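Bear in mind these aren't lab numbers, they're just calculated from the coordinates by the rules spelled out. Owing to the predicted nature of the structure, the values given are computational and were not obtained by experimental measurement. Heads up, the Cβs are rebuilt from the backbone with ideal geometry, glycines too, and the neighbour counts pull from every protein chain shown.
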Amino acid sequence: MANNELHETAQALVAEGKGILAADESTGTIKKRFDSIGLESTESTRQAYRDLLFTTPGVEEYISGVILYDETIRQSALDGTPFPQLLESKGVIPGIKVDEGAKPLAHAEGETVTEGLDGLRERLAEYRKLGARFAKWRGVYSISDTHPSEYCIWTNAHALARYAALCQEAGIVPIVEPEVLQDGTHTIERSEFVTSRVLAALFTELFDQKVDMAGTLLKPNMVLSGYEASKRAGVDEVAEQSLHAYYKHVPAAVPGIVFLSGGQTDEDATAHLNAMNARGPHPWQLSFSYGRALQAPALHAWGGKPENVEAGQHAYYHRAKMNSAARSGVYAPQMEREAAAVA
Ligand code: 13P
């Protein structure tokens, strides 16, 4: 596998004005999302929902790639086209979540390590045949006065780097996702400190394991004050503290930082991305790889009802368009109202 292909795929995923849809919810997670709209999660309701998202007319103008789950990469659209081929036909790159979830870390009460390395080389080869050209692995860290421990930080960094090296060997661009959860009462300064520690360990391991930065994308949390903090930082402070952490620790050779939304409201996730891009240019593209912040309005507009498919697609298209504007720092909250007035 020529490295050039990895570099080209990574760059295509962060092409101007475009970002990634994370639609890789595991069966357990999608059930929780469907519970919120009172819909039973079955193979066919999951297929109908992913079909709604992936067939949204014109959304490929704003979406470069979609992260799929094991079931979805093997599933077909309602018209019988396998999902990976459907995406490719629209110029959207198929990706795959390959980790097997965060499991309790031995000797570390309340902390986790992400599993899924056993057999990963063989699984990656199969996913490549099914059409995947990039992948995702998520390490998870929580913030308290004592967490995350250095042990948790380094154990997850080591696993993320082993995953990334195996991906590149298979011709698949690894998205490395160290997610520092923003639940709790912590200050934004504490979030910046923890995020910085996590990134420092991650890039140390990536270099040690010979991972090619130009064929890698980083998917981090934004630096926020805790969701339960008494005083929460505003948009400008979030942009500045987040950039502070990435400028210290993310090599310029990484083509893009593609954020997770992590439980922010969809409009906050857009406004924060916009504020960071407005402070550019930066050494890397700053883009999105949102799950909830791209899907929540669509899921609720659809509500599991065939007659609402168009409304769901409209909601998804709108969020993709707003985040595309945030890619170049030209988003304004007023654009939400203008679009609502037109709809
Ligand atoms: P959220 O944007 O909902 O945090 O999901 C992104 C993701 O892929 C988490 O692994």
Once the in-chain neighbours fewer than 8 apart are removed, the lysines whose Cα is under 26 Å from residue 31 read 97, 103, 136, 219, 305
Note on segment 121-223: contact order normalised by length, alpha-carbon pairs under 8 Å, 6 or more apart, percent, works out to 36
Residue by residue through segment 307-324, the couplings from Karplus 6.51 cos²θ - 1.76 cosθ + 1.60 with θ = phi - 60°, in Hz, x for Gly and Pro, are 5, 9, 4, 5, 5, x, 5, 4, 5, 5, 4, 4, 5, 4, 5, 5, 5, 5
Sorted by chain and number, the residues with a modelled amide H under 5 Å from that of residue 256, at a separation of 5 or more or across chains, are 218, 285
Expected vector for segment 224-238, Karplus 3J(HN,Hα) from phi with 6.51, -1.76, 1.60 and θ = phi - 60°, integer Hz, x for Gly and Pro, equals 10, 6, x, 4, 9, 5, 5, 10, 9, 5, x, 4, 5, 5, 4
Under the 7 Å Cα-to-Cβ spin-label approximation, residue 85 and residue 244 lie apart by a distance in nanometres of 5.2
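Among 129/248; 248/321; 32/248; 18/248, which pairs are too far apart, with a Cα-Cα distance over 32 Å?
129/248; 32/248
Please state, rounded to one decimal and in Å, the Kirkwood hydrodynamic radius that segment 14-136 gives when every pair of distinct Cα atoms enters the mean of 1/r.
Radius from the Kirkwood sum: 15.6 Å.
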Residue 8 and residue 183 label points (each 7 Å along its Cα→Cβ direction) are spaced in nm at 4.3
Taking only C-alpha positions in the chain, Rg and Dmax in angstrom work out to 18.9, 56
Under the rule rounded for a/c under 1.5, else prolate if a/b exceeds b/c, else oblate, using alpha carbon gyration tensor axes a ≥ b ≥ c, segment 186-239 is classed as prolate
Check: C-alpha center segment 132-173 vs C-alpha center segment 276-332, spacing in Å is 26
Karplus ³J(HN,Hα) for segment 7-20 (6.51 cos²θ - 1.76 cosθ + 1.60, θ = phi - 60°; Hz, whole; x = Gly/Pro) runs 5, 5, 5, 4, 5, 5, 5, 10, 4, 3, x, 10, x, 10
The long-range amide H neighbours of residue 15, using H built 1.01 Å from N in the peptide plane and a cut-off of under 5 Å, are none
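Using mean Cβ contacts within 10 Å as the protection proxy, how do 95-103, 166-174, 78-86 order, highest first?
166-174, 95-103, 78-86
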Per-residue ellipticity at 222 nm attributable to helices in the chain (runs of n ≥ 4 DSSP H, -39500 (n - 2.57) apiece, nearest 500 deg cm²/dmol) works out to -15000 deg cm²/dmol
The long-range amide H neighbours of residue 112, using H built 1.01 Å from N in the peptide plane and a cut-off of under 5 Å, are 105
Total charge of the residues flanking residue 175 in space, meaning their Cβ is under 10 Å from its Cβ, with Lys and Arg +1 and Asp and Glu -1, is +3
Contact order relative to length for the chain, counting C-alpha pairs under 8 Å separated by 6 or more residues, stands in percent at 18
